[in-house]
Amino acid sequence: MKLFTTLLLAMLGALAVYAARRRIMYALRVGAILYVVLLFGRLLVSGLSMADRWEDLIVPVFLLLLAWLALWFFSTAYAERREKQKRLRSASGAGRPAR
């Protein structure tokens with residue numbers, strides 16, 4: 001149930017950003033960041049209440065760290081590739097209007 005309430009709070013945050021800015025990609029990014037922050041916050045709060053079971057906390061944190069590193073690597077590689085394509089396109093003159 002905590003997963004659904006966390007997802008609901010992140011979606012409400014993204015909806016509020018979309019209502020304020022009217023930019024869907026910005027709202028999706030904010031919602032994703034808000035979801036991750038809420039997950040870590042709930043993990044921290046629940047971790048403090050289970051001080052005798054830290055071994056149950058290590059594996060999820062490690063898996064989330066690995067997932068974050070993989071997503072960070074692929075997203076930065078994609079952004080660099082897209083930027084490189086934009087530079088090549090503008091350098092080749094493909095974007096110039098016809099005379």
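Under the 0.36 nm per residue contour assumption, what length would be gained going from the current alpha-carbon distance of Leu15 and Tyr78 to full extension?
Once the chain is fully extended between Leu15 and Tyr78, it gains 20.1 nm.
So if we plug the beta-carbon distance of Lys2 and Lys86 into 1/(1 + (r/R0)^6) with R0 = 41 Å, what FRET efficiency do we get, rounded to 0.05?
The value I calculate is 0.50.
Can you list the HN-Hα couplings for the stretch 71-82, worked out from phi with the Karplus curve (6.51, -1.76, 1.60; θ = phi - 60°), rounded to whole Hz and with x for Gly and Pro?
Working through the residues one at a time gives 5, 5, 4, 5, 5, 6, 5, 5, 5, 5, 5, 5 Hz.
Only the coordinates and a few stated rules stand behind these numbers; no lab work does. Computed from a predicted model, the values in this text were never measured in an experiment. All Cβ positions, glycine included, derive from the backbone under ideal geometry; neighbour counts span all protein chains shown.
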